[in-house]
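Working notes, structure below.
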Amino acid sequence: MQRRQIIQWGAASLAAPAFLAQAQSFPNKPIKLVIAFPAGGPTDITMRALADNASKILGQTVIVENKPGAGGTLPAQALQTSPADGYTVAQIPLGVFRLPYTTKINWDPVKDISYVLNVTGYAFGLVVPADSPLKTWTHFVAWAKANPGKLSYGSTGTMTSPHLTMELIAQQLGLELLHVPYKGSADLMQSILGGQIMAAADSTGFAPQVEAGKLRVLNTWGAERLAKFPDAPTLKELGLNLVQNSPFGIGAPKGTPDAVVKRLHDAFKQAMEQESYKTALARYDMVPMYMSTSAYKKFAQDTFTREKALVEKLGLAKPT
């Protein structure tokens, strides 16, 4: 046993300088940032602005790769098979913390990701076409009660925050709604504008369509009304004790050297503070929402616990 420990210690001492040198020279090639939603949507547009800023700070290109589907969890899954060298990082939406409760996986969202920092969060709401007969939330609820299972609404995917929030609303009001999942906001907006669904639950990626007079906001889901949609009531104002915002940030593979995580953290934090990123966020009523590496890790732990209760409340937990 002593001989084995001596060999292990010796190997670790030899590896340490190489690891340190790797961290000190980081980055010396392009970095891939994997995001959870398709090109053209609010996540894609805002994260590309962030990546562009970070590229200039790091001195290497940060390449955005879109990996939509599976409720926004594919980028986090991609980290599980990526080298822990900092050259692959990923967006971590809230759906990642629900995954073990709904799907059989062999990794842990808290322990098997190196959390770098949180960058922003979504504002959410429910929209209908501008010419819809469902002029207000009262009309929406009344029609849904009179037509069980027929009022169709789209979301950015099964088990995403828009989907689960709508299911919580339906549960509280005794509604039976027809959920139609999409891979992201861009696809969802095409569908509602094309008349395939009656309503859309989404982040405020719908803002340009509302401003163009094509969609109407029935409600928003924050603690207060959104400045961009001052006439749209919050869920709490409508008698529903629900507030939904959805922070997201950037993670790296488990085991990424601390010095590399710090380099990434510092670069992306600086990138967040630049006006071009704030302007891109403001287009969708989003703001920078910074959490440090340690604060983001604690947020991951706390959210993992909270999401278990939500999934169980909705009866969506996988069979044990």
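The values are calculated or read from the model by the stated rules, or taken from the named source; none is laboratory data. Because the structure is predicted, anything quoted here is derived from the model rather than measured. Neighbour counts are summed over all protein chains in view; Cβ atoms, including those assigned to glycine, are modelled from backbone coordinates with ideal geometry. The area values use the complete protein model at the heavy-atom level, side chains included, leaving out ligands, DNA and RNA. Shrake-Rupley method; radii C 1.70, N 1.55, O 1.52, S 1.80 Å.
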query: Do we have LYS29 as assigned to a loop (DSSP other than H, G, I, E, B), over 15 Å from the mean Cα position of the chain (by Cα) and of a type in the set (D, E, K, R) here?
result: yes
field: Cβ-Cβ under 7 Å pairs, at least 6 apart or on other chains, the range 174-190 side in the same structural domain as THR204 (by the TED database), far side open to solvent by 60 Å² or more (accessible area, probe 1.4 Å) and assigned to a helix (DSSP H, G or I)
entry: LEU175/LYS145
task: Starting from the range 288-303, keep only residues that are in contact (Cβ under 8 Å) with a residue 40 or more places away in the chain, then list their pairs with residues that are assigned to a helix (DSSP H, G or I) whose Cβ atoms are within a distance under 6 Å, requiring at least 6 positions of separation or different chains.
output: PRO288/MET272; MET291/PHE299; THR293/HIS265; THR303/PHE97
- prompt: Does any residue of the range 117-125 turn out to be more than 30 Å from GLU211 (Cα to Cα), in the same structural domain as GLN274 (by the TED database) and either crowded, with 17+ Cβ neighbours inside 10 Å or free of Cβ contacts under 8 Å to residues at least 60 places away in the same chain (or both)?
  reply: yes
- prompt: Within the range 274-293, can you find the residues that are under 19 Å from the mean Cα position of the chain (by Cα) and over 18 Å from TYR122 (Cβ atoms)?
  reply: SER292, THR293
message: For the range 79-95, which positions are hydrophobic (A, V, I, L, M, F, W, C) and within 15 Å of the chain's Cα centre (by Cα)?
response: VAL89, ALA90, ILE92, LEU94
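Quick check on PRO100: is it within 29 Å of PRO288 (Cα to Cα) and either touching a residue at least 60 places away in the same chain (Cβ under 8 Å) or buried (at least 16 other Cβ atoms within 10 Å of the Cβ) (or both)? First the steps, then the outcome.
On the way: within 29 Å of PRO288 (Cα to Cα): yes; either touching a residue at least 60 places away in the same chain (Cβ under 8 Å) or buried (at least 16 other Cβ atoms within 10 Å of the Cβ) (or both): yes.
When the stated conditions are applied, PRO100 passes them.
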- request: Return the only residue of ALA271, ALA317 being over 18 Å from the mean Cα position of the chain (by Cα) and over 30 Å from PRO208 (Cβ atoms).
  value: ALA317
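Mind listing just one residue for me: the one in the range 212-229 that is open to solvent by 30 Å² or more (accessible area, probe 1.4 Å) and modelled with pLDDT of 95 or more and, of those, nearest to LEU281 (Cα to Cα)?
Here the residue is ALA212.
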- request: Would you please list the contacts, defined by Cβ atoms under 7 Å and residues six or more apart or on different chains, that run from a residue in the range 232-250 that is open to solvent by less than 20 Å² (accessible area, probe 1.4 Å) to a residue that is basic (Lys, Arg) and assigned to a loop (DSSP other than H, G, I, E, B)?
  value: ALA232/ARG225; THR234/ARG225
message: Going through SER155, SER114 one at a time, which residue ends up being under 28 Å from SER292 (Cα atoms) and touching a Pro at 6+ places or on another chain (Cβ under 7 Å)?
response: SER114
- request: Being buried (at least 19 other Cβ atoms within 10 Å of the Cβ) and closer than 29 Å to LEU310 by Cβ is the filter; apply it to the range 266-289 and report the residue that is modelled with the lowest pLDDT.
  value: ASP285
task: Inspect the range 67-77 for any residue being of a type in the set (Lys, Arg), farther than 21 Å from ALA186 by Cα and free of Cβ contacts under 8 Å to residues at least 40 places away in the same chain and give the result as yes or no.
output: no
- request: Scan the range 49-72 for residues that are buried (at least 18 other Cβ atoms within 10 Å of the Cβ) and either more than 20 Å from THR256 (Cα to Cα) or charged (D, E, K, R) (or both) and jot them down.
  value: ALA49, LEU50, ASN53, ASN66, LYS67, PRO68, ALA70, GLY71, GLY72
query: assigned to a loop (DSSP other than H, G, I, E, B), closer than 30 Å to SER55 by Cβ and basic (Lys, Arg) - does that describe any residue in the range 258-281?
result: no
- request: Starting from residues that are among the small types (Gly, Ala, Ser) and not in a loop (DSSP other than H, G, I, E, B), keep the ones in the range 41-74 and report whichever is nearest to the chain's Cα centre (by Cα).
  value: GLY72
query: Within the group THR88, THR81, which residue is of a type in the set (Val, Ile, Thr), on the phi < 0 side of the Ramachandran plot and surrounded by 18 or more Cβ atoms within 10 Å (Cβ to Cβ)?
result: THR88
